[in-house]
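Asker: Here you go, one structure.
Nothing in this text is a laboratory measurement; each read-out follows from the coordinates by a stated rule. Keep in mind the model is a prediction, meaning the values are calculated, not measured. Reconstructed Cβ throughout: ideal geometry from the backbone, glycine too, with neighbour counts over all protein chains shown.
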Amino acid sequence: MNEAVQTSSSFTPRVFSGIQPSGGLTLGNYLGAMKRFVDMQNQGAFQTVYCMVDLHAITVWQDPEKLRHATRELCAGFIAAGIDPDKSILFNQSQVAEHAQLAWIFNCVARMGWMQRMTQWKDKAGKNQQNASLGLFAYPALMAADILVYRATHVPVGEDQKQHLELTRDVAIKFNHDYGVDFFPITEPVIEGAATRVMSLRDGSRKMSKSDPSDASRINMTDDADTIAKKIRKAKTDPDALPSEADGLQDRPEARNLVNIYAALSEQPVDQVLRDMGGKQFSQFKPILSDLAVDKLSPISTEMARLMQDPAEIDRILGHGARQARALAAPILQKTYDIVGMISAR
Ligand code: TYM
């Protein structure tokens, strides 16, 4: 029997993750997600599937031309960061209709109450929930479909996606239970490393985000060396020197954030960074961090700019990835339809 349609609980180790093409990529996306996607690709223990989730992006208004540009730029970012389209499947969500088709089934599995509890729904819809799109409310069901249409076993994400992944597990459990099958895996979130929650450079209590109105709050993957250096120089800090142990970062969110960024960029544990940097003032530490950030990020932004000069090549890569993705997703959707009781063409 084809692996994709077996119903036993032995699932192929498969990674899925996605990033929205809604505006530019930030250092938070890079350290919390993309850099770890590359690690998982190169570990070789998993089949890796990475997606630009354009259907998720339009749950809030997107200008069509900007969306197309942001999707290509995100694809360039994936490749520049080290995703190899020969090793990973790389594509945009709307080219693989199975995501939206499985999402409909999951709209009928998930409960209104589950969606109402989602903190991202509450944050994004704000006070005027009646005026938010229905898509924004159903967003997590599409996300569950993204993952489960490949029966992915592991999903690397930043901390802010944890609740959505718990909902994905709830959808799989309820589907399996309602239909008396062991068809969808109970996905493992992979939220690891020093930078699972990169904070704003202006306010250590807020997440670094592409939607923050202040550009100084974030490092964009397209920022040039001078801009990166300036943003780090101006980053909010406290007056004390860096501690030599992690305990000393408690109640110092801005200091902790910069140390975590350094640890993630230099691929060292936080303890090691503090052993080396403890006792330094921010006036000494910031230029060191800034040099490291420029060193690591400049080659990526240069490569992104180079790739963006050939949009047709990017579209070709996305088309190729979409064909590979459909080959995995189509039999899983078909089997789901069978389980649910749909009659299919014979
Ligand atoms: P999105 O596009 O907001 O973010 C993409 C990834 O970047 C991580 N991230 C961060 N990590 C650390 N610090 C930050 N400041 C930071 N900001 C963002 C996010 O946690 C995420 O891993 N709903 C998802 C996209 C999605 C998805 C999926 C993810 C759709 N379907 C299926 C995984 C599996 C989102 O909006 O991510």
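Asker: Rounding to the nearest 20 debye, state how big the charge dipole of region 215-306 is about its Cα centre with +1 on each Lys and Arg Cβ and -1 on each Asp and Glu Cβ.
Answerer: Values: 13 positive and 16 negative charges, 56 e Å.
Magnitude of the dipole: close to 260 debye.
Asker: Continuing with the same structure: Under 5 Å between amide hydrogens, which residues at least 5 positions from Val190 or on another chain qualify, with H placed 1.01 Å from N in the peptide plane?
Answerer: Residues meeting the amide H criterion: Val155, Val157.
Asker: Who wins for biggest fluctuation among Phe91, Phe78, Phe285 in a Gaussian network model of the chain, springs between alpha carbons below 10 Å?
Answerer: Result: Phe285 has the largest fluctuation of those listed.
Asker: Two decimals, Cα atoms only, Kirkwood Rh: what is Rg/Rh over the chain?
Answerer: Working: Rg = 21.0 Å, Rh = 21.2 Å.
Dividing the radius of gyration by the Kirkwood radius yields 0.99.
Asker: Which ordering of Met304, Met342 is given by a fewest-first count of other beta-carbon atoms within 10 Å? Don't skip to the answer; put the middle values down first.
Answerer: Details: Met304 22, Met342 10.
Least to most surrounded, the residues fall as Met342, Met304.
Asker: Also: Applying the Karplus parametrisation 6.51 cos²θ - 1.76 cosθ + 1.60 with θ = phi - 60° to the phi angles of region 154-159, what ³J(HN,Hα) value in whole Hz is obtained for each residue in order, glycine and proline being reported as x?
Answerer: Running phi through 6.51 cos²θ - 1.76 cosθ + 1.60 with θ = phi - 60° gives 9, 10, x, 8, x, 3 Hz.
Asker: Also, quick follow-up: Out of Arg275, Arg169, Arg202, any idea which swings most in a Gaussian network model of the chain, alpha carbons joined below 10 Å?
Answerer: Arg275
Asker: Put +1 on the Cβ of each Lys and Arg and -1 on the Cβ of each Asp and Glu in the chain; which of Leu55, Ala138, Ser94 then has its Cα farthest toward the positive end of the dipole?
Answerer: Highest projection toward the positive end goes to Ala138.
Asker: For the chain, calculate the relative contact order in percent as a whole number, restricting contacts to Cα pairs under 8 Å that are 6 or more residues apart. Intermediate results must be reported in sequence, preceding the final value.
Answerer: On the way: 529 pairs, mean separation 82.3, N = 346.
The normalised contact order for the chain reaches 24 percent.
Asker: Separate question: If we count GluC sites (Glu not before Pro) as exposed when they sit in a DSSP loop and have at most 13 other beta carbons within 10 Å, what is the longest stretch of the chain that avoids them all? It would help to have the intermediate numbers written out before the result.
Answerer: Numbers: sites that count: Glu192, Glu245, Glu267.
The longest uninterrupted stretch comes out as 1-191.
Asker: Given H placed 1.01 Å from N in the peptide plane, which residues other than close sequence neighbours of Thr48 have an amide H under 5 Å from its amide H?
Answerer: Val15, Ile89
Asker: Please state the charge dipole magnitude for the chain, taken about the Cα centre, from unit charges on C-beta atoms (+1 on K and R, -1 on D and E), reported in debye and rounded to the nearest 20.
Answerer: Numbers: 39 positive and 41 negative charges, 136 e Å.
The calculation lands at about 660 debye.
Asker: Right, something else. Who wins for biggest fluctuation among Ala33, Ala235, Ala45 in a Gaussian network model of the chain, springs between alpha carbons below 10 Å?
Answerer: Most flexible of the set in this elastic network: Ala45.
Asker: Now a separate question. Setting aside same-chain residues fewer than 8 positions from Lys122, which aspartates and glutamates have a Cα under 16 Å from its Cα?
Answerer: Partners found: Asp160.
Asker: Exposure proxy check: Tyr150, Tyr337 ranked by fewest other beta carbons within 10 Å? Before the final figure, lay out each step's value.
Answerer: Numbers: Tyr150 25, Tyr337 15.
So the residues, fewest neighbours to most, are Tyr337, Tyr150.
Asker: Same structure, new question: Defining a contact as two alpha carbons under 8 Å apart and six or more residues distant in sequence, what relative contact order in percent does region 224-346 show?
Answerer: Working: 84 pairs, mean separation 32.5, N = 123.
Relative contact order of region 224-346: 26 percent.
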